[in-house]
Structures are given as structure tokens and as C-alpha cells.
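Below is one structure, written out as C-alpha cells; the observations come after it.
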Amino acid sequence: GSLSCEDDTEMRFSYKQVCSFSCASGYRLVGSKKVTCTSAAVWSEKRPHCEAILCKNPEGEPPIITECSRPLTELGPDSICSFSCEPGFELQGANTIQCSEHGQWSRAKPTCKAVSCLLLEAPEHGHVNCSNDEPLFNSQCFFTCDQDYSLEGHELLICNRHGNWTGKKPTCQAPLSRAAVVSTSVAAGGAALASGLSLAVWILKRLRQKASKFELNSNSDIEEPPQVYRNSIDSLI
């Protein structure tokens, strides 16, 4: 700090003399800014002193994470602190604050709020059982269906760090009716019968073609009996 007195460059401190005190940048004056020399040759006030201007430690309890440009015990003017949250939480407020020359933070310290997903309802003809009453981060929900109904989709969904479920809500599919099963079986049987008949007709045609070729080949191999000419016999007689 510094000291200046009225009309007294030699600092002799005479009666009724007034002296003023000030502090360097980054420090504040603690005590009276001015003192006066009394008739008893003592100062009217105690001598003040200077102390460093510091902002309060903004560090909070988990899940908030604090990182500052200076040690937490030396957060003077222009010090900057940034904030983030642990997985499963989202920051509410400013992510950075700065210490002013008056020892005040530029903004209020932020907080962390737990991430939550949309509430899941049980599917029609089904049930849902969740690990927590509120769908917070890492909450798990299991899905089942009524008897004779089949689950279509994921059996387990988990609330992730971004507030989204890991998949779409499943549905419960109704079983096929007996008439539908019989109709499907008849249709399948008819198709198989038609396919079998087509195959039989094709085989029969192939057999007929082979039989025709065999007859032609057999006829070509039979030699005609030798011709007996009457004139030749007559000539021999």
C-alpha cells in the first residue's frame, strides 16, 4: 500500500495533520482510509492494512466438477473457473465464471441436475417393471406380455446419459386364431399338392418322350427279309 499526508513531504506528522492510505491493484484497504494526528500526539484511528482481493472458493460437491485457472486459495481478480458434471447429469447455468476486481464472481455458480428420460408406459396386453420410480440415468425397464402374446422389440431398455432410452418401446402381438392357422395350413397343403401334380405331369411327359425315341430306334435296327425274285428261281429250274 501507500501513504500520503497533507503538506508534509518529510513525514513529521504535526497536530491535525491528515494522512491517507491506499492499496495496490488486486488488494483492498482494511480499516480507515484517513487518520488525523490529535493533540495527544496519537492517530485518531488505527493504522489500516491491505489484503488481497479474493473471490470465494466456488468448488462444490459431486456431481459438479470445478476447474480454475489458479489455486482455490488464490482466486484473485481475473481468475476464471469452469464447470462440468459427472455422467448422468446436465449443467444448469453458466459453464464459466470470472472473479471481478471487487472480489465478486461474474455469475452465479451453476448446479448439476440428474438426467431423466420420458416415462415409459406398459404396452397394450403387457407389463413394464422399472428399477426406479423416476426414469433417471441408468434406470432399467423390463417388458413382458400377457399369456399367449409375443413381445415384438427389445425386452430391456436403459436410460442413457443423454436422456434417451436405448431403443423403442416394444409391443405385444396377439396370437394367430385357430381359423387362421387352419386356413394357412390348407393353403400350404394345396400349394404342395399343386406342385406335386405339376412334377408328376412333367415326369410322365419325359417318360413318353423317351418311349417314343426307343420305338424309333428299335424299328430302324430290324432288317427287312430278303426279297425272293420269281424270275431268278425260274432261271434256275
Review point. Restricting the search to segment 153-174, which residues are surrounded by fewer than 13 Cβ atoms within 10 Å (Cβ to Cβ) and assigned to a strand (DSSP E or B)?
Key: L156
Exercise for review: Answer with yes or no whether S20 is of a type outside the set (K, R) and surrounded by 11 or more Cβ atoms within 10 Å (Cβ to Cβ).
Suggested key: yes
Review point. Is it the case that I64 is crowded, with 16+ Cβ neighbours inside 10 Å and more than 30 Å from R12 (Cβ to Cβ)?
Key: yes
Review point. For R47, which of the numbered conditions (1) farther than 30 Å from W105 by Cβ; (2) surrounded by 13 or more Cβ atoms within 10 Å (Cβ to Cβ) fails to hold?
Key: (2)
Check your understanding: Of the conditions (1) more than 30 Å from A108 (Cα to Cα); (2) surrounded by 13 or more Cβ atoms within 10 Å (Cβ to Cβ), K33 fails just one. Which one is it?
Key -> (2)
Practice item. Please find, among S116, S79, the residue that is surrounded by 15 or more Cβ atoms within 10 Å (Cβ to Cβ), within 19 Å of E134 (Cα to Cα) and not hydrophobic (A, V, I, L, M, F, W, C). Key: S116
Practice item. Among the residues of segment 67-76, count how many are surrounded by 14 or more Cβ atoms within 10 Å (Cβ to Cβ) and either closer than 27 Å to R161 by Cα or hydrophobic (A, V, I, L, M, F, W, C) (or both). Key: 3
Study note, to complete from the structure: Checked against (1) loosely packed, with under 15 Cβ neighbours inside 10 Å; (2) in contact with a strand residue (DSSP E or B) (Cβ under 6 Å, 6 or more places away or on another chain); (3) within 30 Å of S139 (Cα to Cα), F13 satisfies every condition except (3)
**Study point:** Out of S139, S116, S150, S69, sole residue that is among the hydroxyl-bearing types (S, T, Y), without any contact (Cβ under 8 Å) to a residue 60 or more places away in the chain and under 30 Å from G26 (Cα atoms)
**Key:** S69
**Study point:** Residues within segment 157-189 that are modelled with pLDDT of 80 or more, out of contact with any Ser or Thr (no Cβ under 8 Å at 6 or more places or on another chain) and either not assigned by TED's automatic domain parsing to the domain that holds S131 or not charged (D, E, K, R) (or both), tallied
**Key:** 8
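The values are calculated or read from the model by the stated rules, or taken from the named source; none is laboratory data. Please read these numbers as outputs of a predicted model, since none were measured by experiment. Cβ atoms come from the backbone with ideal geometry, glycine included; neighbour counts cover every protein chain shown.
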